[in-house]
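Data first, discussion second: the structure below is written as structure tokens.
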Number of protein chains: 2
Amino acid sequence: MTEVTRILARYLVQAKPEDVPAAVKREAVRSFLNWLGCAVGGSVHQTLDRATEALRPFMGAGQATVLGRGEKTDILNAALLNGISSHVFDFDDTHLRTIIHPAGPVASAILAFAEHHPVSGTDFLHAFILGVETECRIGNAVYPAHYDIGWHITGTAGVFGAAAAVGKLLKLDEQQMVWALAIAGTQSSGFREMFGTMCKSFHPGRAAQNGMTAALLAKQNFTSSDRVLEAPRGFAHVMSTARNFDEITQGLGEHFEISLNTYKPFACGIVIHPAIDGCVQLRNEYGLKAEDVTSIELEVHPLVLELTGKKTPRTGLEGKFSVYHSAAAAIIYGAAGEGEYDDDVVRDPKVIALRDRVSATASQNIHEDEVRVRLTTTDGRVLEKHVAHAIGSLERPMSNADLEAKFRGLVDPVLGQASSTALLELAWKIGDLADASEIARAGANVAKARQAEAV
Amino acid sequence: MTEVTRILARYLVQAKPEDVPAAVKREAVRSFLNWLGCAVGGSVHQTLDRATEALRPFMGAGQATVLGRGEKTDILNAALLNGISSHVFDFDDTHLRTIIHPAGPVASAILAFAEHHPVSGTDFLHAFILGVETECRIGNAVYPAHYDIGWHITGTAGVFGAAAAVGKLLKLDEQQMVWALAIAGTQSSGFREMFGTMCKSFHPGRAAQNGMTAALLAKQNFTSSDRVLEAPRGFAHVMSTARNFDEITQGLGEHFEISLNTYKPFACGIVIHPAIDGCVQLRNEYGLKAEDVTSIELEVHPLVLELTGKKTPRTGLEGKFSVYHSAAAAIIYGAAGEGEYDDDVVRDPKVIALRDRVSATASQNIHEDEVRVRLTTTDGRVLEKHVAHAIGSLERPMSNADLEAKFRGLVDPVLGQASSTALLELAWKIGDLADASEIARAGANVAKARQAEAV
């Protein structure tokens, strides 16, 4: 069998920033900026409070920033916490072919790492691109079989991405990079069963932390398998029922998976986005209110019901896995940001009443980014909307202005407008910074840190 | 479907030390003592040096002892390092039905934990028994299908054991215990592909650390699935092709898996033990030397070749996965302790020459703890030995005196005879200590700590 792991490792070790096309770098900056906004925005979530409370007594020195919060910690725990933050709203980026959320595991690891080990913006952006390349290629090789078994691919593939990116910054040699990938792979984990709980965002956080650990160990020649990807008892055989290794080894350096990255306009699983988009459009076109609506019938891709079929969500987190709640919120609020997935909104009798009038049918004729909405009104009208490609898809990407608006919506409430503006400007310049960790420091919550000191 | 996870969690929360039979406790003490010797003995291995070197800059406060070494670290990293130490020689205990090495993930977690959070010997031993019960029952439910896929079951099941044991000491309530098991499960990982590399012992270490993390998070109400074991996208379906949940839920508190624990007389995978035992017996009965032997033919259980079929091991670690090297060493040295798996021994031309005269045939008629050895001598004799049950098996268990001799062999060279004696005495009394962490402090390497301070 081809030496799959070694071919990938060799590419990672030899790749140079100057060989990456400008358009790829631009998309990487957009991906990073979107991740950064999500991580700062998510930092206020209770998931972070509980994780921090549990682990604080055991953390290392204050080497790295926990974005949006007051504390600093060792780089491994910072990677964990920033990874959780960036995914806790389910608002981060999506590699559509695999449903991997690629930035979380990689950016969380290397931004924390950069605060301990100086990294230029050029090298940072390159490591980010390579990390995303690694996890998405490995995902491509096993998707959908791997996902269908029940693996949360952002965690299981993400750990390889984090190891590759940190390994690149550590200047691992080829054998060490092989081992870094292997030490990462033997920690690959995370069940889809966890969706709707705090453990979902734990997965990219842990992937970032474990991938970084893998690279650090490999740097000290901590030995591992030479064939973690392709061996009969390695990743692709143990964790998938089908696999195509060409997806990993072919065309390395010729095309880049980050070019296929997309960003969410709505704070929930991407499979519901067409339904939300369609409902928002109908609401705005006809000036609809909840009380105008007798019923909403959705014709959706089968994955929508499989992933987001919760009829009676009880919490905000569960609401993100309910196409019914999401459609109701879209009609009532014309949006599906974090606010529309607040516990109070999900439990609001008015929202519940409309939610109970939403039905959804799976259809093999509907694509993943498509929906047909059929809405009947109390005055007897039947309103229909066909969304061929939801906003945020590759065909209808978010513009830079859309991304900025999303960033401001997430970051302004946490850091305040002035710091948010400064951070946004830095994010656009990430590839040109002399010291990439400037971003991390600018993402700290100075006010909260002062409060903590004053206690 | 039955609430498998909840039934287990409820048992763990309600179980009381006084309900455990005395014989079970005695076996638990033997298991703990055997683990402690392995952990102190393994602490000198290069695997520990490399892991420590890689992670030291990111460790937390010196809360807990790294057994056999000079440094202290936070309890999570202590759990990792002690877990690695205890398995690095492949000399620890074995739950024969599942080939789980049960003590490592559990004892490594709770001994470190006890240095941060006071724990009586009674509670410590009880938590140890419950942790072993948890991992072995979960192993029973999915073995052998789970193992056959390629999962290193000591890591994948061990993480549940560590979570259960630390969760018991944290006095989690039922819902928190359900979550602790779930947070553990979603980190379950470790490929058999790693056998023969430093990553094999990394698995129980990481299981200890990750299981403890799960319990700590659950204590803060970090939410997770309610059905990690039984859900269609949970552990037993995602990570196994067959499962029997009765193994987890039936007879809880009536019989104890730790009663079925066994201890290795030889420092390698247990499947080779019958072959070593047979060769040692022939050597001693006939006074054989390497130059007397023309050929050694082994008739073995099929797993022997599957797991330990390395014809030409290049390192000590690889030697442990070579039935050929092990048989040669048994003839030459009459033993298979850590010394016989030294790199130099594996590369010794004399050993290699005899190794090349060893052949092995798999037979369906041979049990896992059985072997038939057929040895021909240069003077034309054919010597045969049938071992029905290898030493260290349930039928021929190691005595307390055997365990003490093994402990001394491992610990004396690391801590010196006086400290080794003191530690051994404490280990026998673990269930009666007012403060279980006394053991950890007695397992520290005072001389090395002084050296480190003097630098």
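The figures follow:
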| read-out | value |
| --- | --- |
| Sole residue being touching a residue at least 60 places away in the same chain (Cβ under 8 Å), within 14 Å of chain A (Cβ to nearest Cβ), in contact with a helix residue (DSSP H, G or I) (Cβ under 8 Å, 6 or more places away or on another chain) and on the phi < 0 side of the Ramachandran plot, chosen from B:Leu229, B:Leu298, B:Leu288, B:Leu282 | B:Leu229 |
| Some residue of the range B:253-266 being open to solvent by less than 20 Å² (accessible area, probe 1.4 Å), free of Cβ contacts under 8 Å to residues at least 12 places away in the same chain, over 25 Å from B:Ala360 (Cα atoms) and among the aliphatic types (A, V, I, L, M) | no |
| Residue count for the range A:316-347, restricted to those that are closer than 26 Å to A:Leu48 by Cα, surrounded by fewer than 17 Cβ atoms within 10 Å (Cβ to Cβ) and over 21 Å from the mean Cα position of the chain (by Cα) | 3 |
| Total residues in the range B:24-60, condition more than 8 Å from chain A (Cβ to nearest Cβ) and either at pLDDT below 95 or not in a helix (DSSP H, G or I) (or both) | 3 |
| Within the range A:1-46, considering residues that are of a type in the set (Asp, Glu) and out of contact with any helix residue (DSSP H, G or I) (no Cβ under 8 Å at 6 or more places or on another chain), the one surrounded by the most Cβ atoms within 10 Å (Cβ to Cβ) | A:Glu3 |
| Check on B:Ser393, in a loop (DSSP other than H, G, I, E, B), touching a residue at least 12 places away in the same chain (Cβ under 8 Å) and surrounded by 15 or more Cβ atoms within 10 Å (Cβ to Cβ) | yes |
| Whichever residue in the range B:70-86 is open to solvent by less than 20 Å² (accessible area, probe 1.4 Å) and closer than 16 Å to B:Leu415 by Cβ and, among such residues, is farthest from the other protein chains (Cβ to nearest Cβ) | B:Ser86 |
| The lone exception for A:Ile276 - which of (1) within 14 Å of chain B (Cβ to nearest Cβ); (2) surrounded by 24 or more Cβ atoms within 10 Å (Cβ to Cβ); (3) part of a helix (DSSP H, G or I) it fails | (1) |
| For B:Gly287: the one exception among (1) over 20 Å from B:Asp90 (Cα atoms); (2) crowded, with 18+ Cβ neighbours inside 10 Å | (2) |
| In the range A:245-279, the residues that are out of contact with any helix residue (DSSP H, G or I) (no Cβ under 6 Å at 6 or more places or on another chain) and of a type in the set (Ser, Thr, Tyr) | A:Thr262 |
| From the options A:Ala418, A:Ala405, A:Ala401, residue that is farther than 30 Å from A:Leu96 by Cβ, part of a helix (DSSP H, G or I) and of a type in the set (A, V, I, L, M, F, W, C) | A:Ala418 |
| Matching residues, the range B:162-221, being within 14 Å of A:Arg206 (Cβ to Cβ), without any contact (Cβ under 8 Å) to a residue 60 or more places away in the chain and more than 11 Å from chain A (Cβ to nearest Cβ) | none |
| Any hit, the range B:143-156, residues being out of contact with any helix residue (DSSP H, G or I) (no Cβ under 8 Å at 6 or more places or on another chain), assigned to a helix (DSSP H, G or I) and within 11 Å of chain A (Cβ to nearest Cβ) | yes |
| Filter result (more than 15 Å from A:Gly83 (Cβ to Cβ) and either at pLDDT below 95 or open to solvent by 10 Å² or more (accessible area, probe 1.4 Å) (or both)) within the range A:193-219 | A:Glu193, A:Phe195, A:Gly196, A:Thr197, A:Leu216, A:Lys219 |
| Within the range A:92-118, considering residues that are closer than 16 Å to A:Asp435 by Cα and open to solvent by 10 Å² or more (accessible area, probe 1.4 Å), the one nearest to the chain's Cα centre (by Cα) | A:Glu115 |
| Spans of helices (runs of 4 or more DSSP H) in the range A:163-254 with at least 2 residues closer than 20 Å to B:Cys199 by Cα | A:174-185, A:199-219, A:235-238 |
| Residues located in the range B:424-446, provided they are within 21 Å of B:Gly62 (Cα to Cα), in a helix (DSSP H, G or I) and open to solvent by less than 50 Å² (accessible area, probe 1.4 Å) | B:Ile439, B:Ala440, B:Ala442 |
| Condition check for B:Ile352: part of a loop (DSSP other than H, G, I, E, B), more than 24 Å from the chain's Cα centre (by Cα), surrounded by 15 or more Cβ atoms within 10 Å (Cβ to Cβ) and at pLDDT 95 or above | no |
| Condition met for A:Ser359 (within 20 Å of A:Thr308 (Cα to Cα) and surrounded by fewer than 19 Cβ atoms within 10 Å (Cβ to Cβ)) | yes |
| Some residue of the range A:261-269 being outside any helix (DSSP H, G or I) and within 7 Å of chain B (Cβ to nearest Cβ) | no |
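The values are calculated or read from the model by the stated rules, or taken from the named source; none is laboratory data. These figures come from a predicted structure and were not determined experimentally. FYI the Cβ positions are ideal-geometry reconstructions off the backbone, even for glycines, and counts take in every protein chain you see. Surface areas here come from the heavy atoms of the whole protein model, side chains and all, with no ligands, DNA or RNA. Shrake-Rupley method; radii C 1.70, N 1.55, O 1.52, S 1.80 Å.
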